Amino acid sequence: GVIFDMDGTLIDSELFTEQAVERLLQDNNLPTENVDYKQFYGITWKNIEAKLHHLFPALAQKELAATLQNYFHHMGIEHPPDPIEGSPLAVREAGKRMKAAIGTSSNRESLEEVIDQLGIRESLQAAVSAEDYENSKPAPDCYLLAAKNLGVEPSQCLVFEDSIPGIKAARAAGMFVIAITHRCTDENLATELADMAIRNYTELPEDFWETIQAKS
């Protein structure tokens, strides 16, 4: 099985995460400078909400996840993010040869929008969103559920991921990992944690999918 993360791995959307958090802070008259927005990459809105509660006591009693999702989702509709180079073809090639899935920290409505945007629905056998599991990456829940839905053992799964929490989640699930470093927050750590690191899918060897299929 091959499991793709979505934001930052299939589409270049992580900046929308930053913009959603920044807008929320502005709406609440809170300072936006000196905020490390990269700490919000690769995790669910619920986890981002918890981080914001800790960083900004004024937000502690507010439910933020739904607002953040609303901002993020509408940004993606108004300005569809570019695919990571080669990502639609990679999903199609994976789907031809093996079972393919998406495992994302984003909500279902955004996941469905991206699947249609990239034209990859027929290539996927499963798609897991933040509503489907309890513990956010770096916990392995997302990827373990994706493997279960594919009917594939975790040890027989390959994950494509861009975020450090996501790479750690795939590792914790006992899966092989290829890091997508296009907008990775720590390229050195990603390279260290993953089995292989590439900037985008055009850097995969020409015979990559045939080789993976032969080994499966």
Note on segment 186-204: residues in a loop (DSSP other than H, G, I, E, B) and open to solvent by less than 60 Å² (accessible area, probe 1.4 Å) are A194, N200, L204
Restricting segment 35-76 to residues that are more than 16 Å from T104 (Cβ to Cβ) and touching an Asp or Glu at 6+ places or on another chain (Cβ under 7 Å), which is modelled with the highest pLDDT?
L64
Six or more apart or on different chains, Cβ atoms under 7 Å: show the pairs whose first residue is in segment 70-86 and at negative phi and whose second is of a type in the set (D, E).
H73/E109; G76/E113; I77/E113; P81/D12; D82/D12; I84/D12
What are the pairs with Cβ atoms under 6 angstrom where one residue, in segment 120-133, is among the β-branched types (V, I, T) and the other, located anywhere, is buried (at least 17 other Cβ atoms within 10 Å of the Cβ)? Sequence gap at least six, or different chains.
I120/P88; I120/V91; V128/G103; V128/C142; V128/L145; V128/A146
Considering every residue within segment 46-57, establish whether at least one is touching a helix residue (DSSP H, G or I) at 6+ places or on another chain (Cβ under 6 Å) and among the basic types (K, R).
yes
When segment 49-59 is checked residue by residue, the ones that are assigned to a helix (DSSP H, G or I) and more than 13 Å from R23 (Cβ to Cβ) are E49, A50, K51, H53, H54, L55, P57, A58, L59
Residue in segment 66-74 that is over 18 Å from E112 (Cα atoms) and exposed (fewer than 15 other Cβ atoms within 10 Å of the Cβ) present
no
Flagged pairs (Cβ under 6 angstrom, 6 or more apart or on separate chains; first in segment 176-190, at pLDDT below 95; second open to solvent by 60 Å² or more (accessible area, probe 1.4 Å) and in a helix (DSSP H, G or I)) are T185/K38
Of (1) in contact with a Ser or Thr (Cβ under 9 Å, 6 or more places away or on another chain); (2) open to solvent by 20 Å² or more (accessible area, probe 1.4 Å); (3) under 30 Å from W209 (Cβ atoms); (4) not hydroxyl-bearing (S, T, Y), E22 satisfies every one except (3)
Tell me whether segment 18-27 contains one or more residues that are at negative phi and touching a strand residue (DSSP E or B) at 6+ places or on another chain (Cβ under 9 Å).
no
Residues that are in contact with a strand residue (DSSP E or B) (Cβ under 7 Å, 6 or more places away or on another chain), touching a residue at least 24 places away in the same chain (Cβ under 8 Å) and open to solvent by 60 Å² or more (accessible area, probe 1.4 Å): does segment 146-153 have at least one?
yes
What are the residue pairs meeting all of these: first residue in segment 202-216, first residue touching a residue at least 40 places away in the same chain (Cβ under 8 Å) and within 18 Å of A179 (Cα to Cα), second residue basic (K, R) and open to solvent by 90 Å² or more (accessible area, probe 1.4 Å), Cβ atoms under 9 Å, and 6 or more apart or on different chains?
W209/K96
Residue count for segment 101-145, restricted to those that are open to solvent by less than 30 Å² (accessible area, probe 1.4 Å) and more than 22 Å from E14 (Cβ to Cβ):
2
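The values are calculated or read from the model by the stated rules, or taken from the named source; none is laboratory data. The model shown is predicted, which means the values in this text are computed figures rather than measured ones. Using ideal geometry, Cβ is built from the backbone for each residue, glycine included, and neighbour counts are taken over all protein chains shown. Keep in mind that these areas ignore ligands, DNA and RNA; they rest on the heavy atoms of the full protein, side chains included. Shrake-Rupley method; radii C 1.70, N 1.55, O 1.52, S 1.80 Å.
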